[in-house]
Amino acid sequence: MNNDFEKQFSEHIKFSYTCFDRVIIRGYICKFFGIGSLIFLLRRMGFRQVSDTTFRKFTDRLNQHITRESKKHNIPLHWWRSVNGGTNGAKLRYIEKHHVKYFKGKGNFTYCILTDNENARTFASREFFTKAGKKHHKIYKVKKPVKHYYIYFHDKVLGGPCCLKICSYFPFTCQFYFNGHNYVRHRLEQQGISYKMKGNAFTAVSNPEVLQKAAEEITGRMIQERIHYWMNRFFKFDHGKYSTRSKYFKHEWYMGQVEICSNVIFKSARHCTNLFDRLIDKFHRLGMPDSISRIFNKRFTRRHKSKTTCRLYEENACIKHWFRRNSLKLYNKLGYFLRTETTINNPKSVGSIKLKKPLPYLQSYFWAGLSCNNRFLNCCADVDIASVSDDEPERFNKPIINDKGHKVTPPDLRKDRQTVLLKELLKPKYSTTNFKTRELLPALQGYFQNPAQIRYEMKKLIARNVIKKVKSKSFYIVTTSGWKWMWVSISSISYFQNPIISKIYKKEFLQSSSQPSKIEEAYDLVNHGLTQFTQEMAMVI
């Protein structure tokens, strides 16, 4: 990838790559979509009368062929609702759970065939009688429940699992599904490249250049050849001793939905998570019409419909921008993995040159999606890298595990005892010379009764490297990083938090002083800045 985001955070990035994710391709027999052309072609095939009986003959023969094919090759054939079927990708999860892990082959083989009833646009006939009593049929376009076949298989070229969906009724619309990550994994195995995958993502690879090259190899011609292979095997009609298919039953394939993902794998999960939180805060309003149209490289007009949604994706926050049925989302997939994904449903609304839907133009979708991802990441590069900390806030605000495996709670600066201890340790003598806990007791009278109570509070600071114990001795010294943290914490409480809170709740007649102090004006400016910051971030109070 070529974007400013990777250049800015290059020292924190392990590697990155871009590839197709989910790709859905739809097949249509275009000659069967018009009622007149449908009747004309069926009569050329020898059917004098076109009715529901004629349609049913083709459906029965297709069902018989698929049933015979499943018995011949011992392919499990299940009615989806009999195996506790669900929706929203449940079929693929079922296949991965019950079939994929038991097949270790590398050639062409079928995992399973699922059948289900789904609404589809099809044809139906109705009988009419003329005044002379002559019967005739009229064909209508309707939408009704029709049996569909979901054939899941492993392809020797694309890997697996892939899916071929076949409608068993006219006009026999089909759908083909594959995942670009499966193809890349298959190619890496062929070349002997070691890798690790988790959650449909590559988390480690010995040669990232080979991975990226494999992702760019996928072409429409390659996919079309594999679709024809599986269609020639399953989309046929039984004629007793053999199965065949007429030359009129030839599908044309078009892109339905194409996902192109750009993946950035970070060295540190903590840095990646903190960076993603920063991106969510700053760029959750990037989906405004004028901004999102530039990312999709389109001229802004009022007709462009766009919106931004925030939701959970696999229990992780996800920010998603919509633009005329296309979408672009950013999410922290595994904690150390940022994925930017462009989903193309409407190719006319992507890029300056309109994309075409026929399958041979598949690779142009890859480069268009990559350009959208890069433009989005260029916007996300506008983050001050100094504002993204790796572990400092977490270390002081959350419990940690010390060297002995014990859980140590964080310092509670709401308690006067802890605050007084930090103020005492800020004195220069504790940073330059060693000290003992009994030396602190006279200065902390009224808050601590004995050195043991002081040592209890100091353990929280020692675990966080605020105080360091001298080796083999009972002396302590304040570290440089610890002194900085204590100074910032005490200054924040004394000169920022408490004055601002007091200022907010102070009565108005005290604010209207005849001789206001300059520090009061400064607090007013800070309070006004916080209000603007809250409104800009769209925070709800």
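Worth pointing out:
- A count restricted to segment 203-230 and to residues that are of a type outside the set (Val, Ile, Thr) and farther than 28 Å from Trp253 by Cβ stands at 5.
- Condition met for Gln212 (out of contact with any Phe, Trp or Tyr (no Cβ under 9 Å at 6 or more places or on another chain) and in contact (Cβ under 8 Å) with a residue 24 or more places away in the chain): no
- Set Gly85, Gly105, Gly159: member being without any contact (Cβ under 8 Å) to a residue 60 or more places away in the chain, loosely packed, with under 12 Cβ neighbours inside 10 Å and not aliphatic (A, V, I, L, M): Gly105
- Helices (runs of 4 or more DSSP H) enclosed by segment 1-72 - at least 1 residues per element that are under 30 Å from Thr110 (Cα atoms): 52-72
- Scope segment 295-328; condition surrounded by 13 or more Cβ atoms within 10 Å (Cβ to Cβ), at pLDDT below 80 and not aliphatic (A, V, I, L, M); matching residues: Asn297, Lys298, Phe300, His304, Ser306, Lys307, Thr308, Thr309, Tyr313, Asn316
- Residue check, Phe33 buried (at least 18 other Cβ atoms within 10 Å of the Cβ), of a type in the set (Phe, Trp, Tyr) and under 19 Å from Ile166 (Cβ atoms): no
- Extreme residue, farthest from Glu216 (Cα to Cα), among residues of segment 239-266 that are small (Gly, Ala, Ser) and in contact (Cβ under 8 Å) with a residue 12 or more places away in the chain: Ser243
- Matching helices (runs of 4 or more DSSP H) fully within segment 160-257 where at least 2 residues are farther than 27 Å from Leu114 by Cα: 180-191, 208-215
- Taken over segment 413-449, the residue count meeting the criterion of being outside any helix (DSSP H, G or I) and either under 12 Å from Ile490 (Cα atoms) or in contact with a His (Cβ under 6 Å, 6 or more places away or on another chain) (or both) is 3.
- Segment 456-467, subset buried (at least 16 other Cβ atoms within 10 Å of the Cβ) and basic (Lys, Arg), residue modelled with the highest pLDDT: Lys460
- Residue match in segment 473-489 (condition: at pLDDT below 85, at positive phi and not in a helix (DSSP H, G or I)): no
The values are calculated or read from the model by the stated rules, or taken from the named source; none is laboratory data. From a predicted model like this one, the values you see are computed outputs, not experimental measurements. Glycine gets a Cβ as well: all are built from the backbone with ideal geometry, and neighbour counts include every protein chain shown.
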